[in-house]
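**Student:** Just passing along the structure, written as structure tokens.
Nothing in this text is a laboratory measurement; each read-out follows from the coordinates by a stated rule. In this text, all values refer to a predicted model and were calculated from it rather than measured experimentally. Backbone-built Cβ (ideal geometry, glycine too); neighbour counts: all protein chains shown.
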Amino acid sequence: MPDPAKRLEPILFDYHTTQRTDYRDGDISAPIRTVFKEKLGRERPKHIPLKNIHTLVDWAVPNVPFNLFFKPKDVVRTNPYHVQETFLHPEDEGRELAQKTRPRLVMTPAVSMDDVEKHARDMMVKDIYLSTARKSMDEAVLPAKNVRAPFPGPYAPANPITLQKLQPWPVSPEWRMDSVTWDLRQLRAYCEPSKEFWLKRTPKCTVCDATAARVAQKKMEREMKKLS
């Protein structure tokens, strides 16, 4: 039986090297270096101007206007000096004939609308059918030209008052005896009682005594070293 190692060796290992297997197709040539080549420029095509879709006239500015599709607002773009005119209803010529010939209509408070005077009828219709928005619009367009605020009238004259001079209530000498006695016992000379009190006392401080003893001990040790 043949040796398994000898049988597997030619199958697993062919002993090929890079020199034997690679770079076999022709000679090795030098690499091609990259060379910068400037690109040739070309002229920009001529700009075609935009035209107005309504007048077919070229725009003065070649760009599209920023506010091309903007619409003026009713409030912002109005002139405050141009007051809105009051709306007037057109005169109805056939109203009087219709009121006389049509059936009667009774409205609260049980009044025939066609039989009352025009002024009273308009007042009732306005009070019942006029909306709040319409009332506000009518008030906004009221004639208000050359309206000036009234000047203030003369100021009211001054009305000074005088206060009576405040005087302390009199105190009888009998009530002032205690305060007078206490005032006579007070010292009038300059002194600081706290300072005088602490300077006359002998201080008793354990920390100070311990520090003095330690300093004296160190001093004695230094003198003993000098003598030795």
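**Student:** Working out 0.36 nm times the residue gap between PHE197 and LYS165, then minus their Cα-Cα distance, what length gain in nm do you get to one decimal?
**Tutor:** Values: separation 32, 0.36 × 32 = 11.52 nm, distance 4.70 nm.
That works out to 6.8 nm of additional length.
**Student:** Between ALA98, SER131, VAL111, whose Cα lies farthest towards the positive end of the dipole of segment 95-140 when Lys and Arg beta carbons carry +1 and Asp and Glu beta carbons carry -1, centred on the Cα centre?
**Tutor:** ALA98
**Student:** Would you calculate the separation in nanometres between label points at THR86 and VAL125, each defined as 7 Å from the Cα along the Cα-to-beta-carbon direction?
**Tutor:** Spacing of the two 7 Å Cα→Cβ label points: 1.7 nm.
**Student:** For segment 95-140, what number results from the quotient of the Cα radius of gyration and 2.2 N^0.38 Å?
**Tutor:** Cα Rg divided by the expected 2.2 N^0.38 Å: 1.34.
**Student:** Quote to one decimal, in nm, the extra length available between ASP209 and GLU139 on full extension: 0.36 nm per residue of separation minus the C-alpha distance between them. Could you put the intermediate results ahead of the total?
**Tutor:** Values: separation 70, 0.36 × 70 = 25.20 nm, distance 9.80 nm.
Difference between extended and current length: 15.4 nm.
**Student:** Quickly work out the GLN99-to-GLU117 label distance, labels modelled 7 Å from Cα along the C-beta direction, and quote it in nm with one decimal.
**Tutor:** Here the answer is 1.2 nm between the modelled labels.
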